[in-house]
Amino acid sequence: MALLRSLESKPRYFGCQFNDLTLFNRSIVLLAFETSCDETAAAVVRNGRVLASVVSSQVKMHEEYGGVVPELAAREHIKNLLPVARQALTQAKVSVGNVDAIAATQGPGLPGALMIGLKAAQALAFYLRRPFLGIHHHEAHLYSPWLKGNPPAADFSAFEPNVSLIVSGGHTMLVHVESELKHRVLGSTVDDAAGECFDKTGKLLGLAYPAGPLIDRLALNGSPTRFDFPRPMISDPTDDFSFSGLKTSVRYFLRDHPEAAENSATLADLCASVQKAIVDVLVTKLIRAAKRLPVRCVTASGGVTCNRQFRKEIAETCSREGLQLRLADPMLCTDNAAMIGILAERKLRAGQAATNVDADILPAWQLG
Ligand code: KG4
Ligand code: ZN
């Protein structure tokens with residue numbers, strides 16, 4: 001109740017059942033939450049347009065510990081969720097009583113973190129008597145490359161069957177998106193995610209967490225061919241990935257050359273060489289899957305999609321291979337609630353039943 005009072009004092013009751021989707025033949029306003037890891041996010045979407053997307057990142061807090069501390073993440077979500085939701089509603093010029101549907105990430109993710117966003121969203125939906133949708137975080141990533149413009153709007157009229165790479169600190173996977181809302185996982189990492197490899201390698205090099213953006217920056221002045229690090233599973237016929245061996249080879253290199261990371265030119269070469277190894281694997285496997293299926297389009301999202309070398313290499317390769325490329329906008333690569341809201345609206349309009357307002361979090365929810 002405090003949740004609602006703090007958003008608006010006078011909610012407008014609406015006479016629809018939780019699963020009464022006839023409502024959605026008209027314009028709808030949807031409020032979405034995302035709290036699966038260390039970003040507290042809320043967004044308001046209307047008819048495929050993102051009216052507001054607010055993200056409060058906890059990255060500074062977790063930096064001190066060299067990674068995300070789940071208990072601290074959950075506490076921060078409790079503190080930040082209402083201010084973030086209020087800001088999103090204010091920016092969108094929407095009052096909470098005019099929200100037609102509510103969505104939140106139901107999984108996968110950190111249990112304590114997921115719980116905050118999901119339960120707040122369900123409580124709000126229950127009180128307002130609006131439909132609620134629990135959304136799969138990775139399924140939402142699949143559609144973020146289709147958001148374009150400022151403010152972003154969904155461009156599904158141009159939808160093409162595609163292979164989508166989701167590449168972040170927690171996940172690296174290839175998904176065949178056969179049509180809208182229909183997908184099949186082709187492969188995923190058997191150990192570390194690509195972002196995790198950036199972060200762990202960075203830690204070995206003495207860089208702060210998360211090291212991905214720093215490695216990206218340092219690599220600009222380095223040589224990608226100076227050190228020959230392995231490209232794990234690059235020739236493996238499956239669509240799976242493995243990155244822990246690459247991190248281990250950097251560890252052995254530093255054991256044998258402890259002075260290497262002290263020299264700024266060598267550090268830049270190390271960053272460029274490790275980055276090139278990761279990017280080569282991602283690009284090679286993404287393109288190979290697309291050509292094998294075949295599809296004419298590839299997409300990518302997740303924090304590592306911000307990486308400049310990745311964006312350059314995948315763009316050059318797609319242009320050479322005649323493939324259409326859609327990369328999520330850097331603002332929408334990392335976790336956000338806009339992608340949750342856009343997918344939820346798509347699902348409601350496609351007639352998907354609402355999720356129960358007492359449904360539980362699904363921390364290990366498998367895509368598909
Ligand atoms: O999607 P995201 O914000 O969160 C999850 O992990 O779910 O991704 C964060 C990850 C971190 O591992 C971070 O180091 C990596 O994305 N990352 C990058 C870059 N920007 C973020 N890695 C390489 N280059 C970047 N520019
Ligand atoms: Zn994510």
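The values are calculated or read from the model by the stated rules, or taken from the named source; none is laboratory data. Note that the structure is a prediction, hence the values are computed from the model and not measured. Positions of Cβ are backbone-derived with ideal geometry, glycine not excepted, and every protein chain shown enters the neighbour counts. All accessible areas refer to the heavy atoms of the entire protein, side chains included, with ligands and DNA or RNA removed. Shrake-Rupley method; radii C 1.70, N 1.55, O 1.52, S 1.80 Å.
Being modelled with pLDDT of 95 or more, among the β-branched types (Val, Ile, Thr) and open to solvent by 20 Å² or more (accessible area, probe 1.4 Å): is that true of residue 238 here?
So residue 238 passes the test.
Matching residues to (1) more than 16 Å from ligand 2 (Cβ to nearest atom); (2) modelled with pLDDT under 95; (3) in contact with a Leu (Cβ under 6 Å, 6 or more places away or on another chain):
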| residue | (1), (2), (3) |
| --- | --- |
| 264 | yes, no, no |
| 281 | yes, no, no |
| 321 | yes, no, no |
| 329 | no, no, no |
| 334 | no, yes, no |
| 343 | no, no, no |
| 358 | yes, no, no |
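Residues checked against (1) within 14 Å of ligand 1 (Cβ to nearest atom); (2) open to solvent by less than 40 Å² (accessible area, probe 1.4 Å); (3) assigned to a strand (DSSP E or B):
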site	(1), (2), (3)
134	no, yes, yes
145	yes, yes, no
151	no, no, no
165	yes, yes, yes
203	yes, no, no
207	yes, yes, no
217	yes, no, no
226	no, no, no
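So residue 299 ticks every box in (1) touching a residue at least 12 places away in the same chain (Cβ under 8 Å); (2) away from ligand 2 (no atom under 16 Å from the Cβ) but one. Which box is left unticked?
(2) is the only condition that residue 299 fails.
How many residues does the stretch 222-262 contain that are among the charged types (D, E, K, R) and either within 21 Å of residue 169 (Cβ to Cβ) or under 28 Å from the mean Cα position of the chain (by Cα) (or both)?
6
Going through the stretch 108-127 one residue at a time, which ones are buried (at least 21 other Cβ atoms within 10 Å of the Cβ) and more than 22 Å from residue 76 (Cβ to Cβ)?
Listed by number, the list holds a single entry, 125.
I'd like to know if the stretch 74-92 contains one or more residues that are in contact (Cβ under 8 Å) with a residue 12 or more places away in the chain and in contact with a Cys (Cβ under 9 Å, 6 or more places away or on another chain).
no
Residues being open to solvent by less than 40 Å² (accessible area, probe 1.4 Å) and not in a helix (DSSP H, G or I): count how many of those fall in the stretch 38-65.
Of the residues in that region, 14 qualify.
Considering each residue of the stretch 176-192, count those that are within 15 Å of ligand 1 (Cβ to nearest atom) and either under 30 Å from residue 158 (Cα atoms) or open to solvent by 20 Å² or more (accessible area, probe 1.4 Å) (or both), and give that number.
Of the residues in that region, 3 qualify.
List the pairs whose first member sits in the stretch 206-217 and is away from ligand 2 (no atom under 16 Å from the Cβ), whose second member is of a type in the set (Phe, Trp, Tyr) and part of a helix (DSSP H, G or I), and whose Cβ atoms are under 7 Å apart, counting only residues at least 6 apart or on separate chains?
Once the first residue is away from ligand 2 (no atom under 16 Å from the Cβ) and sits in the stretch 206-217, its partners that are of a type in the set (Phe, Trp, Tyr) and part of a helix (DSSP H, G or I) give 211/198; 215/198.
Farther than 22 Å from residue 37 by Cα, open to solvent by less than 30 Å² (accessible area, probe 1.4 Å) and assigned to a loop (DSSP other than H, G, I, E, B): is that true of residue 232 in this structure?
So residue 232 passes the test.
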